[in-house]
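Novice: Below you'll find the structure I mean.
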Amino acid sequence: MIRFSSKSRSKQLEIMDDFSLKGDKMKELLTDLKNVNKRLGGNTITTSALSKLLAGHSKKEMITLIDIGCGDGEMLRECARFGKRNGFNFRLLGLDANAFIVEEAKIRSKDFHNISFQQIDIFSIEIKELDFDIALCTLFLHHFTNNQITDLLNLLITRAKVGIVINDLHRNWLAFSLFMIFGQFFLKTKIARHDGLISIASGFLRKELEDISNKINYSESIIKWKWAFRYQWIIKKGVKY
């Protein structure tokens, strides 16, 4: 049974966090996740944040974006389209700990010359060696504890030249209830319906994000609520909003 609490984030594990899940089941799940994000407007939350973060930034220079927990690479493909429309020179790198997902992301992104992928544990030493301008965290942070999130964001902000864009879930009973209905009509896999509810139960209240923000070094941040029950969190290095 999936438990929801307005007082605390769920600690239940999602099925897709099991790296033994692969093959057709994982492919179907990745497609479901891509579709739900598209239907509920999740992609534009990230790209609109990029617009704000890159306001006034030179379009002549190459800008390197890394996507933490990139899944099948759909967000990077959307960013590539956004970059092309707006004249940015993007280099896009997707990072995921699941080797099967990384290979699937390569296949689905084969037509995008500026996207590449790497299998990496985000808490390993390898992340400390990456050079990038912006880190994207889309529906990723809710998989971890607040302390782990704080440590990760502190690491990312020290490595990022521009900042971080976070797009994650608002833990809300109405969102939890509505997703039950949405899942029955629009999601093909039981895993997506199951994991989606756990994701919402593992999401954040604004106060929880603000508490994490207060523990991040060398940055200024702004958190905004967006439909459908998402938070857009922009951390811009060294700049005050």
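Novice: Any residue in the stretch 99-115 that is under 20 Å from Ile164 (Cβ atoms) and either of a type in the set (Asp, Glu) or in contact (Cβ under 8 Å) with a residue 24 or more places away in the chain (or both)?
Specialist: For the stretch 99-115, residues under 20 Å from Ile164 (Cβ atoms) and either of a type in the set (Asp, Glu) or in contact (Cβ under 8 Å) with a residue 24 or more places away in the chain (or both): present.
Novice: What helices (runs of 4 or more DSSP H) lie completely within the stretch 149-241 and have 1 or more residues being aliphatic (A, V, I, L, M) and under 16 Å from the mean Cα position of the chain (by Cα)?
Specialist: Counting at least 1 such residues, we get 190-201, 206-213.
Novice: Shifting gears a bit: Could you tell me which residue of the stretch 180-204 is farthest from Leu76 (Cα to Cα), considering only residues that are of a type in the set (Phe, Trp, Tyr) and surrounded by fewer than 23 Cβ atoms within 10 Å (Cβ to Cβ)?
Specialist: Phe185
Novice: Now a separate question. Please state which one of Lys34, Lys59, Lys52 is over 15 Å from Leu169 (Cα atoms), of a type in the set (D, E, K, R), out of contact with any Leu (no Cβ under 7 Å at 6 or more places or on another chain) and not in a helix (DSSP H, G or I).
Specialist: Checking each option against the conditions leaves just Lys59.
Novice: Further, regarding this structure: When you scan the stretch 211-225, do you find a residue that is farther than 15 Å from Ile149 by Cβ and modelled with pLDDT of 95 or more, even just one?
Specialist: Yes: the stretch 211-225 contains one or more residues that are farther than 15 Å from Ile149 by Cβ and modelled with pLDDT of 95 or more.
Novice: Hey, among Glu103, Glu61, Glu74, which residue is charged (D, E, K, R) and buried (at least 18 other Cβ atoms within 10 Å of the Cβ)?
Specialist: Going through Glu103, Glu61, Glu74 in turn, just one is charged (D, E, K, R) and buried (at least 18 other Cβ atoms within 10 Å of the Cβ): Glu74.
Novice: Out of the residues in the stretch 205-232 meeting the condition of being of a type in the set (Phe, Trp, Tyr) and crowded, with 16+ Cβ neighbours inside 10 Å, tell me which one is nearest to Ser51 (Cα to Cα).
Specialist: Tyr231
Novice: If you don't mind, another one. From Leu152, Leu169, Leu130, grab the single residue that is surrounded by 19 or more Cβ atoms within 10 Å (Cβ to Cβ), out of contact with any His (no Cβ under 9 Å at 6 or more places or on another chain) and of a type outside the set (Phe, Trp, Tyr).
Specialist: Leu152
Novice: Only one of these is out of contact with any Asp or Glu (no Cβ under 9 Å at 6 or more places or on another chain), acidic (Asp, Glu), in a helix (DSSP H, G or I) and closer than 25 Å to Asp18 by Cα: Glu78, Glu103. Name it.
Specialist: Of the residues listed, the single one that is out of contact with any Asp or Glu (no Cβ under 9 Å at 6 or more places or on another chain), acidic (Asp, Glu), in a helix (DSSP H, G or I) and closer than 25 Å to Asp18 by Cα is Glu103.
Novice: When both residues are 6+ apart or on different chains and their Cβ atoms are under 8 Å apart, which pairs have a first residue that lies in the stretch 163-187 and is polar (S, T, N, Q), and a second that is part of a helix (DSSP H, G or I) and buried (at least 17 other Cβ atoms within 10 Å of the Cβ)?
Specialist: Between residues of the stretch 163-187 that are polar (S, T, N, Q) and residues that are part of a helix (DSSP H, G or I) and buried (at least 17 other Cβ atoms within 10 Å of the Cβ), the close pairs are Asn167/Gly42; Asn167/Ile45; Asn167/Thr46; Asn167/Ala49; Asn172/Ile200; Gln184/Arg193.
Novice: Still on this structure, please answer the following. Which of the numbered conditions does Phe123 fail, given that it passes all the others? Conditions: (1) out of contact with any Cys (no Cβ under 6 Å at 6 or more places or on another chain); (2) hydrophobic (A, V, I, L, M, F, W, C); (3) closer than 20 Å to Gly71 by Cα; (4) surrounded by 20 or more Cβ atoms within 10 Å (Cβ to Cβ).
Specialist: Phe123 satisfies all of (1) out of contact with any Cys (no Cβ under 6 Å at 6 or more places or on another chain); (2) hydrophobic (A, V, I, L, M, F, W, C); (3) closer than 20 Å to Gly71 by Cα; (4) surrounded by 20 or more Cβ atoms within 10 Å (Cβ to Cβ) except (4).
The values are calculated or read from the model by the stated rules, or taken from the named source; none is laboratory data. Worth saying up front: this structure is predicted, and the values here are computed from it rather than measured. Here Cβ is always computed from backbone atoms with ideal geometry, including for glycine, and neighbour counts include all displayed protein chains.
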